[in-house]
Amino acid sequence: MKPIFRLKNLNFTYNEGKTNEYQALVNVSLEIFPEEFVILYGPSGCGKSTLLNVIAGLEVPAPGTAFVYDQDISEMTKREQVEYHRKTVGMVYQSYNLITSLSVLDNVVLPQIFLNRRKRKRDQVGAELLERFGIRKQADKLPSELSGGQQQRIGIARCIINNPDIILADEPVGNLDSVSAKNVLGIFKDLNEREKKTIVLVTHNPEYLSYGDRIFYLKDGIIIKEEINKNKNIEEKKEEEKTKAPTNELQNLMRTYQGLSPEQINILIMPYKAKMFTHHFITNRNAEETKIFEDLMQRYLMESVGQDDFLDILNRPYTEGGVGFDVRTARKISSRVEGIMQMSKFVYQERRQSKNEQGVHEIFPVEEKAVILTKYLLEVCFADYKTKPNEEEVKRLEKAVFERLSEKISKPEMYEIIDRPFKEEGVGLNAKTARSVSEEVELTLILGFGVSQNRKFLDKKREQMYSALDNKQQDATS
């Protein structure tokens, strides 16, 4: 089967020749075949949207070539470009890009006007699409009167009204809640499987990788990995309500799915991470508020919402879609969550950021990590206590933290040590504080699962790339 798209050695630089020059794509090559669901995945700024724009013909690579149906996109005439955008590809955007002064129906049928379709015919086709996507009753409303999920469905309807073979979607669910996101992704899945549309979707959220046939992982403008998804559309298993020692459950998950990539493992355990945060911070909210917090926590961990929005939803009343915390509590929880996230990054940092005299990033010893993590625990878990642990108690706590980080003891064993009386070689904390400390450590460890494995993979790829560049430079000078 011949590919639809053939991209070879694509490079793209923003502000070339200026002080703020930035290379967004570096020697990117890939092929996309008919009826595939391809996902371009990576963090913000990795080049995935730029790559999609090249495929769409909105950016011209320099150097590099991009072919669609054996035609060089950069060499298309203006007329060919117009036909390409009208009939071959449809675009879906994160921000919907609807015309706010037009009705829902008029937004959907807009591309038909440029094909000179009669109004009666285009309105009929538009109404059928609105019916299909469950928004027929909203046809005469303005986009601003609809929810984000409804607006994105309008965007998809507009995208496919001219029946293109290819759909390009740039973070199409980035602004949506989890329920709306699932509905929209279900539409893309249906378009791909039933109507045989070729889908190229950009996302930074690993939770959506299960929808793709192939996933291209991007980092710093480079494709670092191509993966064929053998487990496409397998539903995520529901997490058990019972809270056992978290890392034991995660270790079992790792063993069960040994063939999965770090990113896929992270997808499977992300709901569990959110659930553990919820269990740690939510104690006196009703079921609905707890569910909102859990959903919000998962979106925050996925970087779908920023810190300001996270704080706003924590403080927003339940009747307006929030959790309903007062301002002080919302700020405290937001600060605590951010602290755990930063501490998790530190704990899983294998090497020091600064180089030694020999120009080497030294390995970060676990003993030193344990000391710093213990200081953090003393700040957050003893904030409301008038008396703090004495020097000897702190040393024993450091030892327990070190043994937990070194995987010499489990969470229950750590809890038993710090709860045990001081005269019996324990730390001597009361049960409530011991539980708080052990859960804080566990959250720090849980947050790094999947993410840490991926970081090791990226570090290895980066070392290989730098090694290859060094070899080229040596060959050039010899």
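Kindly indicate whether Thr65 is surrounded by 14 or more Cβ atoms within 10 Å (Cβ to Cβ) and among the polar types (S, T, N, Q).
So Thr65 fits the description; yes.
Looking at Val305, Val327, which is the one that is surrounded by fewer than 14 Cβ atoms within 10 Å (Cβ to Cβ), out of contact with any Ser or Thr (no Cβ under 7 Å at 6 or more places or on another chain) and hydrophobic (A, V, I, L, M, F, W, C)?
Being surrounded by fewer than 14 Cβ atoms within 10 Å (Cβ to Cβ), out of contact with any Ser or Thr (no Cβ under 7 Å at 6 or more places or on another chain) and hydrophobic (A, V, I, L, M, F, W, C) holds for just one of Val305, Val327, which is Val327.
Can you confirm whether Gly126 is surrounded by 19 or more Cβ atoms within 10 Å (Cβ to Cβ) and either acidic (Asp, Glu) or within 27 Å of the chain's Cα centre (by Cα) (or both)?
Against the criterion (surrounded by 19 or more Cβ atoms within 10 Å (Cβ to Cβ) and either acidic (Asp, Glu) or within 27 Å of the chain's Cα centre (by Cα) (or both)), Gly126 does not qualify.
Collect the residues in the stretch 55-71 that are among the hydroxyl-bearing types (Ser, Thr, Tyr) and either within 25 Å of the chain's Cα centre (by Cα) or assigned to a helix (DSSP H, G or I) (or both), keeping them in residue-number order.
Once the filter is applied, which keeps residues that are among the hydroxyl-bearing types (Ser, Thr, Tyr) and either within 25 Å of the chain's Cα centre (by Cα) or assigned to a helix (DSSP H, G or I) (or both), the stretch 55-71 yields nothing.
Quick check on this structure: which one of Ile282, Ile333 is farther than 23 Å from Leu405 by Cβ, at pLDDT 85 or above, assigned by TED's automatic domain parsing to the domain that holds Glu398 and of a type in the set (A, V, I, L, M)?
Ile333
Could you say which residue among Asp190, Asp140 is of a type in the set (Asp, Glu), surrounded by fewer than 17 Cβ atoms within 10 Å (Cβ to Cβ) and without any contact (Cβ under 8 Å) to a residue 24 or more places away in the chain?
Being of a type in the set (Asp, Glu), surrounded by fewer than 17 Cβ atoms within 10 Å (Cβ to Cβ) and without any contact (Cβ under 8 Å) to a residue 24 or more places away in the chain holds for just one of Asp190, Asp140, which is Asp190.
Please verify whether the stretch 328-338 includes one or more residues that are touching a residue at least 24 places away in the same chain (Cβ under 8 Å), charged (D, E, K, R) and over 29 Å from Asn175 (Cβ atoms).
no
Quick one: in the stretch 106-123, which of the residues that are surrounded by 12 or more Cβ atoms within 10 Å (Cβ to Cβ) and among the basic types (Lys, Arg) is nearest to Ala157 (Cα to Cα)?
Arg122
The values are calculated or read from the model by the stated rules, or taken from the named source; none is laboratory data. For clarity, every value in this text was computed on a predicted model and none was experimentally measured. Every residue, glycine as well, gets a Cβ built from its backbone with ideal geometry; the counts of neighbours run over all protein chains shown.
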